[in-house]
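Have a look at the structure below before the remarks.
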Amino acid sequence: MADEVAALLREIRDQQRLQLERQSEALAMQRDQFALYRSQLDRVERIHDRAEAIQGRASKAAKLVLWIALPLLVLLLALMFWPYLQYLLAR
């Protein structure tokens, strides 16, 4: 009877050790996954910052084009319709 109890206790001890080893492996995997997640998050943040910078430059360029192109377009349209207006006024 004492041998059976001792064998049972050894088996319980061995199963607990096995469970602790598996928990340790699971924690190591979780640490690895978290490190991977962290590196991916850092990469996404860098990409986001770059995209914001590009959008800012594009916005400035669009404003510059608007201030240059729009007056030129109005001037071009006026020059195109000037002969037509002269024709209408001469009649």
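Yes/no matrix, rows are residues, columns are (1) of a type in the set (A, V, I, L, M); (2) surrounded by 10 or more Cβ atoms within 10 Å (Cβ to Cβ); (3) assigned to a helix (DSSP H, G or I):
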| residue | (1), (2), (3) |
| --- | --- |
| 4 | no, no, yes |
| 18 | yes, yes, yes |
| 44 | yes, yes, yes |
| 58 | yes, yes, yes |
| 63 | no, yes, yes |
| 78 | yes, yes, yes |
For this session: For residue 35, indicate whether it is assigned to a helix (DSSP H, G or I) and at pLDDT 90 or above.
Result: yes
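The values are calculated or read from the model by the stated rules, or taken from the named source; none is laboratory data. The shown structure was predicted, so the numbers you read here are calculated from the model rather than taken from an experiment. Heads up, the Cβs are rebuilt from the backbone with ideal geometry, glycines too, and the neighbour counts pull from every protein chain shown.
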